[in-house]
Amino acid sequence: MMLWQPSIPDSYHTLPEQELFARIQDRRKQLGTKLLILGHHYQMDSVVQHADFTGDSLKLAQLAASVVEERAAANTPVEHIVFCGVHFMAETADILTPDQVKVILPDLSAGCSMADMADYEQTVEAWELIHESLKQQNWNGRIVPITYVNSTAAIKAFVGHHGGACCTSSNAAQVFEWAMAGGTEPRAEGEEIKVLFLPDQHLGRNTSAAFGINVQLNTCVYDPKKTEQGHPLGGASAKELHDAATILWAGHCSVHMLFAPEHCAQIHEDNKNLKSGEEPVQIIVHPECAKEVVDLADQAGSTEFIINTIADSPPGSKWAVGTEVHLVNRLANEHKDRGVQVKMLSDCQCLCTTMYRINQPHILWILDGLCGTPQSKNGENQAPGKPVEHNIIAVHPEAQTRAILALNRMLAHTGSGAVKV
Ligand code: SF4
């Protein structure tokens, strides 16, 4: 669901970077502990410099929930969270924090193309079509849905309502194992379980392979666009659905799809021609990359895993990293002084264009609104007036209740405790 962001006044875009920085700092001082700014790892440095916390989407939402609780206990309650990330992340923060805390996305068009690939109506239709086909084939088992946290609140709610769970790229293996064991109801003797994995087919395929599933024979892809074009089962055959242990939703991350097996092959080739004593380049990729890329990498794991692995690597190590460019450039800068070389796995601009929409002008516009001091056309701030809350992201209460079920099942089965809401 791509939301539309009306243009903000031009005066915000014409301010020099340093002036933007100074004004944002000034507004932050005015708002004090009532404000919390969160920055995802893939944001530009000019955005991350304003963040109270950086992290991946779930870590940030959980941190937000605990800071909100701490500040409420200290009688300095948080009123607004400015989430410098994409739409589904702001939704997750809204789900995990009390209603009185408002979550703001600085630019409404900062969506996630992967999350937008699974829409609620399509998912309901797929669920019915798949069950109907399996029933006609006398299949007598249960489907447990799993959704990657990179999904809309509506999909999390669907999954929660149908006995499934969320997962992250760090805990997908544990959640998958839980689902295959029957999920909320332990698998009965002789009962077959299938997983419907939304919305990232690559994380679903990589997780299935790591679990020991033959992905050629026992996974299939359900593509809702093919259903819309008239295919009865999203492009899969009835037999493929019957034989599949995992039904993969046809979603992907457009950033991580830019890494190809050829990029890994080139690094392997270069490693064969090293001079004596020269350190080979190790390949580390995110599991949103295609399985063919993950198979050729030395290591694969979540954003936090990539950050920690490089941080723990000895001086002289060399890394080719398959993930978003702003994070890779930040890692290269952070570790160059201790002689660790970090570069992109590919020469292409692997940039999350929607995250990139969040910038200093939009952050200042949001904070000016909260301080009640919007800019006039010439860039001057007007006399303080009534605060204006732009771009509030609010998840429907019914969807929240169901989505929390999916999030809590994930947390309960990955040893992280449950969400307190
Ligand atoms: S990097 Fe990919 S999954 Fe992450 S927000 Fe951007 S499009 Fe979505």
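Brief remarks on what is shown
- Residue check for Val78: of a type in the set (Val, Ile, Thr), within 28 Å of Pro384 (Cα to Cα) and either out of contact with any Lys or Arg (no Cβ under 8 Å at 6 or more places or on another chain) or not assigned by TED's automatic domain parsing to the domain that holds Thr147 (or both): yes
- Counted residues, segment 239-257 - those being crowded, with 18+ Cβ neighbours inside 10 Å, hydrophobic (A, V, I, L, M, F, W, C) and under 21 Å from the mean Cα position of the chain (by Cα): 6
- Test: residue in segment 181-188 that is assigned to a helix (DSSP H, G or I), of a type in the set (Lys, Arg) and out of contact with any Gly (no Cβ under 8 Å at 6 or more places or on another chain): no
- Within segment 79-115, the set of residues being more than 15 Å from Val47 (Cβ to Cβ) and of a type in the set (Gly, Ala, Ser) comprises Ala93, Ser109, Gly111, Ser113, Ala115.
- Members of segment 268-294 that are charged (D, E, K, R) and over 22 Å from the mean Cα position of the chain (by Cα): Glu269, Asp270, Lys272, Lys275, Glu278, Glu279
- Checking each residue in segment 226-270 for being within 16 Å of the ligand (Cβ to nearest atom), part of a helix (DSSP H, G or I) and without any contact (Cβ under 8 Å) to a residue 60 or more places away in the chain picks out only Met257.
- Set Asn138, Asn150: member being surrounded by 24 or more Cβ atoms within 10 Å (Cβ to Cβ), outside the structural domain of Val285 (by TED's automatic domain parsing) and at pLDDT 95 or above: Asn150
Matching residues to (1) in a loop (DSSP other than H, G, I, E, B); (2) within 16 Å of the ligand (Cβ to nearest atom); (3) not assigned by TED's automatic domain parsing to the domain that holds Glu91:
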position	(1), (2), (3)
Asp337	no, no, yes
Trp365	no, no, no
Gly369	no, no, no
Ala383	yes, no, no
Glu398	no, no, yes
Asn408	no, no, yes
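- Members of segment 49-68 found to be closer than 18 Å to Gly32 by Cβ and in a helix (DSSP H, G or I), listed by number: Ala64, Val67, Val68
- Condition broken by Val221, with the remaining ones in (1) part of a helix (DSSP H, G or I); (2) among the hydrophobic types (A, V, I, L, M, F, W, C); (3) surrounded by fewer than 24 Cβ atoms within 10 Å (Cβ to Cβ) satisfied: (1)
- Residue match in segment 73-81 (condition: crowded, with 24+ Cβ neighbours inside 10 Å and within 25 Å of Leu3 (Cα to Cα)): yes
- Test: Ala179 is in contact (Cβ under 8 Å) with a residue 40 or more places away in the chain and either closer than 19 Å to Cys112 by Cα or among the aliphatic types (A, V, I, L, M) (or both): no
The values are calculated or read from the model by the stated rules, or taken from the named source; none is laboratory data. A quick note: this is a predicted structure, and the numbers were derived from the prediction, not measured. No Cβ is skipped: glycine too gets one built from the backbone with ideal geometry, and neighbour counts run over all protein chains shown.
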